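Here the structure comes first, spelled out in structure tokens, and everything after it is commentary.
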Amino acid sequence: MSATRILKHLFAPDWIVRRAFPRAVLRRIEAAIKESERAHRGELRFAVEAALDLLPLVRGVTPRRRALDLFARLNVWDTEENSGVLIYLQLVDRRIEIVADRGISAKVPQQEWDAICRRMEAAFRARRHEDGALDGIREITGLLARHFPARGADADELPDKPVVL
């Protein structure tokens, strides 16, 4: 475990999330998720976190491991068709992870999710957080609409509001 990584996380202020994702941007992300879910049977969750606490850092928790933990903690796995997708942003490490439930991952390979993550990360490096998030949601919508198209009225099983941790 890198001492530099630990220090970056421990001294990262919580306001970096509000700077990158002010309330108005979070509302637009929520609206994009609502709109997205009209096109497919998947359920999206968007979670953003400034930094990790000391214990996960000492344990060497990676952004991917944290995303998997949040996938469970936010109940993204708990959908009728196993069609939940978590978009996790870890700002200090500048990483994005997409975790898809088994119903989706059986049809969409992880490489496609990883490619979306890398494009979102490129937008974020250019300080285009809103564009990166909304473009990522549009790409995810396209994949889900292709593999899990909407079939009439669909229950909204997970909250659309982004989670700020």
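The values are calculated or read from the model by the stated rules, or taken from the named source; none is laboratory data. This is a predicted model, so every value here is computed, not measured. Cβ placement follows ideal geometry from the backbone for every residue including glycine, while neighbour counts extend to all protein chains displayed.
A compact table of results
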| read-out | value |
| --- | --- |
| Some residue of the stretch 50-68 being surrounded by 20 or more Cβ atoms within 10 Å (Cβ to Cβ) and touching a Ser or Thr at 6+ places or on another chain (Cβ under 9 Å) | no |
| Residue within the stretch 53-70 that is farther than 16 Å from R95 by Cα and within 15 Å of the chain's Cα centre (by Cα) present | no |
| Unique match (being of a type in the set (V, I, T) and over 16 Å from G132 (Cα atoms)) among V25, V48, V58 | V58 |
| Residue satisfying all of: in the stretch 9-30; out of contact with any strand residue (DSSP E or B) (no Cβ under 9 Å at 6 or more places or on another chain), touching a residue at least 60 places away in the same chain (Cβ under 8 Å) and not basic (K, R); surrounded by the most Cβ atoms within 10 Å (Cβ to Cβ) among these | H9 |
| So A145, is it hydrophobic (A, V, I, L, M, F, W, C), touching a residue at least 12 places away in the same chain (Cβ under 8 Å) and over 20 Å from A12 (Cβ atoms) | yes |
| In the stretch 115-137, the residues that are of a type in the set (D, E, K, R) and either outside any helix (DSSP H, G or I) or closer than 25 Å to D53 by Cα (or both) | R118, E121, R125, R127, R128 |
| Matching residues in the stretch 15-70 - criterion: being modelled with pLDDT under 95, closer than 21 Å to N82 by Cβ and of a type in the set (V, I, T) | none |
| Close pairs from the stretch 85-105: first over 20 Å from K34 (Cα atoms) and hydrophobic (A, V, I, L, M, F, W, C), partner part of a loop (DSSP other than H, G, I, E, B) and at pLDDT 90 or above, Cβ under 6 Å, at least 6 apart | L91/A50; V92/A12; V92/A51 |
| Qualifying residue in the stretch 95-111 (condition: modelled with pLDDT under 95, under 27 Å from P13 (Cβ atoms) and either assigned to a loop (DSSP other than H, G, I, E, B) or out of contact with any Asp or Glu (no Cβ under 9 Å at 6 or more places or on another chain) (or both)) | no |
| In the stretch 113-154, residue farthest from A100 (Cα to Cα) [restricted to those that are among the acidic types (D, E) and either surrounded by 16 or more Cβ atoms within 10 Å (Cβ to Cβ) or under 13 Å from the mean Cα position of the chain (by Cα) (or both)] | E130 |
| Of the criteria (1) over 21 Å from H9 (Cβ atoms); (2) at pLDDT below 95, which one A122 fails | (2) |
| Those residues of the stretch 32-85 which are in a loop (DSSP other than H, G, I, E, B) and either touching a Pro at 6+ places or on another chain (Cβ under 6 Å) or of a type in the set (S, T, Y) (or both), in sequence order | T62, T79, S83 |
| Count of the stretch 31-43 residues which are crowded, with 23+ Cβ neighbours inside 10 Å and among the polar types (S, T, N, Q) | 0 |
